[in-house]
Amino acid sequence: MATTRESGAHRHRSGAVLPMILTTVLVLLLAAAVVFLGSQEPLARALAAGRAKELPAGVTITAVPTPGDPDDVANMETNPVGAAGDLEARTGEYPVKPDSLLPVAEEWVAGRIAAFSSGVPGAGAGADDAAHLELGWSPILRAGPYLGVDLTSTVTPEPGETTHQSVYADVTSGGAWSAPGDLFTGTAAERVAALVRTAANQPEFAGRPHPSAAEARALARVAMAAAQLRPEGLVLPLDGDRALLLEAEPAADYLTEAGNSILAAAVAGTGFAGIPAPPPPPGRPAGPDRLTFPVRVDCSSASCVALTFDDGPGPHTGRLLDILAEHDAPATFFLLGEQTRKRPELVRRMAEEGHVVGNHTWGHPDLATLEPREIDRQIATAADEIATAGAPRPVLLRPPYGSLSDSARDRIAAAGDATVLWDVDTLDWKTRDTKKTVAAALTDARRGSIILMHDIHEPTVDAVADIITGLREEGYTLVGVPDLFGGTMNKGGIYRDGR
Ligand code: NI
């Protein structure tokens, strides 16, 4: 019996133990499944349902970045909103550089004005209420070839909120991309809406009503239109002063190829290529390195010589101009700014009578001894004075004493001028002797010579008629300096003769 009982007990025991084990296993499996399923509920589903407690890795809540200063964007140009409309109710300006930004900005302006006119009672033509549309902009990114701008539109007094539109333009290739359509993938909107609902669960938004799915979608649209691609990642401004920040890794999944290129440049901190500088104002010589002049004599066939006169205009310069006119002989004058101020009418006459007017600095200092800034000032003030007197702004410069330094050469080139020296020095300033001056000029002149004289000395002016006659008898043709070089000289070039 015992055996039987035992056996029975055994049977009994084994009959009870098996279900127990199975039950335990089942319970454990069930528990594991619950834990497993709980942890594996797709995050997107949890987020979308507004159930997710935590934002995904790489997504945080941050402050909306401080707007950039439009004045910091070099070479930017803007159009006033008033110029496109007729109402005082629309004011502000919008950026138009680089060129690719212009059509996008204009379309945005037109859209805002249309919305304003249709949406605000009485804001159409003849509006007499206080409704006002203010458009503006600020830079949000300058990295590599990309300029990002935040176009802002504020209607006051109602609703009084500013709406934002982000546009990114490539200053080198001419592309432009508007948020959200050009920057985000087709599936990004729903996912951003999910992030918005999860963000609402965070302490930063405590006390605010949790957005419904539809409200979250609307908030996502606004945030994506204002998307900022920045060094820290993708910033999506929410209402108030809070924004979602997606680091580069999660952000990449939301962005188009263009959006990712811009973000990559932003995150890498690449130096901004810059908006190209505007072309020089009309009237300046064309071409980066060349100065061109009208050619009156072909010095490749004629045997040309140039007479040059420095340090004037002086008391005898009027008589010199009479003598040159009488002989129909052109000359080149290198004028001092301070002398030009005293006798501007003579400078105007030089230009009118076909002479070349050059720059001999303001006050005749040795440029080799001056600081770069003072060299610039000596050149520019004299050039301004000569232009004010009525001659073309000079681009030929003769340094006093023929004295140059590396710095002087650099500054003359930077001014866009060519330097004109000489190969025949009459030493007229030293001898103050008419016959010696004539002899020096005629003895030393060769084809292509540049002859140095000073019209402030009376004996020199007395020598000029004989010099003209003597040179012509020897077969020379008198020309202005540029003719010696075929009418083309180089900025920063140094010229001693035309050979
Ligand atoms: Ni001089």
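Can we say Thr460 is farther than 23 Å from Asp322 by Cα, surrounded by 16 or more Cβ atoms within 10 Å (Cβ to Cβ) and of a type outside the set (Asp, Glu)? Criteria not met by Thr460. Residues Glu338, Glu345: which one is within 16 Å of the ligand (Cβ to nearest atom) and either closer than 30 Å to Gly148 by Cβ or part of a helix (DSSP H, G or I) (or both)? Step by step, each of Glu338, Glu345 is checked, and only Glu338 is within 16 Å of the ligand (Cβ to nearest atom) and either closer than 30 Å to Gly148 by Cβ or part of a helix (DSSP H, G or I) (or both).
Taken across the range 480-487, residues that are acidic (Asp, Glu), within 15 Å of Thr332 (Cβ to Cβ), away from the ligand (no atom under 16 Å from the Cβ) and not in a loop (DSSP other than H, G, I, E, B) do occur, with at least one present.
Scanning the range 319-334 turns up no residue that is part of a loop (DSSP other than H, G, I, E, B), farther than 20 Å from Gly470 by Cβ and either within 16 Å of the ligand (Cβ to nearest atom) or aromatic (Phe, Trp, Tyr) (or both). Report whether or not Asp99 is modelled with pLDDT of 80 or more, loosely packed, with under 11 Cβ neighbours inside 10 Å and within 30 Å of the chain's Cα centre (by Cα). Spelling it out, it is not the case that Asp99 is modelled with pLDDT of 80 or more, loosely packed, with under 11 Cβ neighbours inside 10 Å and within 30 Å of the chain's Cα centre (by Cα). Among the conditions (1) within 13 Å of the ligand (Cβ to nearest atom); (2) touching a residue at least 40 places away in the same chain (Cβ under 8 Å), Asp417 misses just one, which is (1). Residue by residue through the range 359-414, note down the ones that are in a loop (DSSP other than H, G, I, E, B), over 22 Å from Arg341 (Cβ atoms) and more than 16 Å from the ligand (Cβ to nearest atom). Of everything in the range 359-414, those that are in a loop (DSSP other than H, G, I, E, B), over 22 Å from Arg341 (Cβ atoms) and more than 16 Å from the ligand (Cβ to nearest atom) turn out to be Glu371, Ser405. Among residues of the range 458-479 that are at positive phi, those with a beta-carbon under 7 Å from a residue that is at pLDDT 95 or above at least six positions away or on a different chain give the pairs Gly475/Ser303. Within the range 289-313, residues that are within 23 Å of Ile386 (Cα to Cα) reach partners that are small (Gly, Ala, Ser) and away from the ligand (no atom under 16 Å from the Cβ) with beta carbons closer than 7 Å, at six or more positions or on different chains, in the pairs Leu291/Ala418; Thr292/Gly487; Phe293/Gly487; Pro294/Gly487; Val295/Gly486; Val295/Gly487; Ala306/Gly480.
The values are calculated or read from the model by the stated rules, or taken from the named source; none is laboratory data. Predicted, not measured: the structure shown is a model, and the values here were computed from it. Here the Cβ is made from the backbone with ideal geometry for all residues, glycine too, and neighbour counts use every protein chain on show.
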